[in-house]
Amino acid sequence: MSVPYETAAYEPAESPESPEEHLARLLGRALNSFELPDETIRRLDRALAHDSSLHSAHHSAGLHRETYRHTWLLADGSALTLWELVHNTAPSRETQHEVYEDEEELRTATGRLPLPADAPDFELPVLVRVSHVPEPLHAYVPDDSADHGRRLLRRAENSDRPGEDMADLLRMAFAHQITQAFGRPCRAGERGMCFSLYEHAFLLHDGRELSLWEVEHTATPDGRHMCEVYPSEEDARSAMERRASGG
């Protein structure tokens with residue numbers, strides 16, 4: 001789930017909920033949360049960041065069913081996912097929530113719902129296109145983008161950050177978009193480690209697109225904020241896992 005990038009300090013007008021608050025809301029509304037193993041709850045108590053996204057949905061004849069993927073980054077660098085099933089198929093037609101740790105259990109629970117068989121699901125990220133015109137991946141905004149790229153590389157503290165070749169490419173940028181891809185903004189004075197991941201997408205004058213991935217975290221000896229920049233999402237997420245596990 002992407003959310004808008006706010007300011008250079010990543011401080012939104014209303015800070016999003018913490019991993020603990022998100023977990024509490026999820027468990028509070030799920031009818032079967034008591035079925036989750038105690039060990040799973042204990043592991044989630046040490047979560048550093050979280051992300052949620054719609055996985056699939058089914059709407060037909062006034063009935064609906066959606067499934068959501070909730071993922072937490074844990075202090076040991078691993079990730080844990082819970083699956084949420086939301087539906088209104090009970091006789092009262094009230095919306096109900098269920099939560100599962102195993103995706104196979106989610107499928108079994110979904111299969112029990114009395115939904116018509118003639119209305120197929122849409123599964124994300126599969127997209128149905130009605131024309132051959134490709135959709136743009138980003139909504140770019142022209143806003144001194146070359147300077148934004150220069151400042152992004154300048155504040156990166158990791159030794160394996162993109163080098164001069166990338167800096168040369170960014171001088172051709174004339175529009176960009178920034179989205180938060182994981183976690184929540186790190187706030188000054190926050191206790192414990194905090195992680196957030198941002199995609200900085202650039203549109204160049206020759207029509208090419210490129211993205212840099214920024215990790216902001218407080219996994220430093222003195223708890224200060226640190227910015228790292230990587231050329232791919234895979235590299236950035238690997239760095240988050242290393243920092244979370246003390247590497």
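Bear in mind these aren't lab numbers, they're just calculated from the coordinates by the rules spelled out. Remember, predicted model here, so these are calculated numbers, not experimental data. Note: ideal-geometry Cβ built from the backbone for every residue, glycine included; neighbour counts use all protein chains shown.
Would you please state which residues of the range 69-84 a label at T40 would reach in this model, taking the label point 7 Å out along Cα→Cβ and a backbone N cut-off of under 18 Å?
69-75, 78-84
Sorting check: for 21-27, 153-159, which peptide has the highest mean count of neighbouring beta carbons within 10 Å, and how do the rest follow?
21-27, 153-159
Using label points projected 7 Å from each Cα along Cα→Cβ, tell me how many nm separate R112 and R25, to one decimal.
It works out to 2.7 nm between the two label points.
Taking the beta-carbon count within 10 Å as an exposure proxy, list R243, R46 from fewest neighbours to most.
Neighbour counts put them in this order, fewest first: R46, R243.
Along Cα→Cβ, 7 Å out, is where each label goes; now give me the distance between the ones at N158 and T71 in nm to one decimal.
Rounded to a tenth, the inter-label distance reads 1.6 nm.
How would you rank E20, E84, going from fewest to most other Cβ atoms within 10 Å of each one's own Cβ? Working shown, then result.
Values: E20 14, E84 20.
Least to most surrounded, the residues fall as E20, E84.
Could you check the spin-label model distance between R224 and H205? Points 7 Å from the Cα along Cα→Cβ, value in nm.
Going by the 7 Å Cα→Cβ label model, 3.7 nm.
Contour minus end-to-end for D235 and A90, with contour as 0.36 nm per residue of separation and end-to-end as the Cα-Cα distance?
Length gained between D235 and A90: 47.8 nm.
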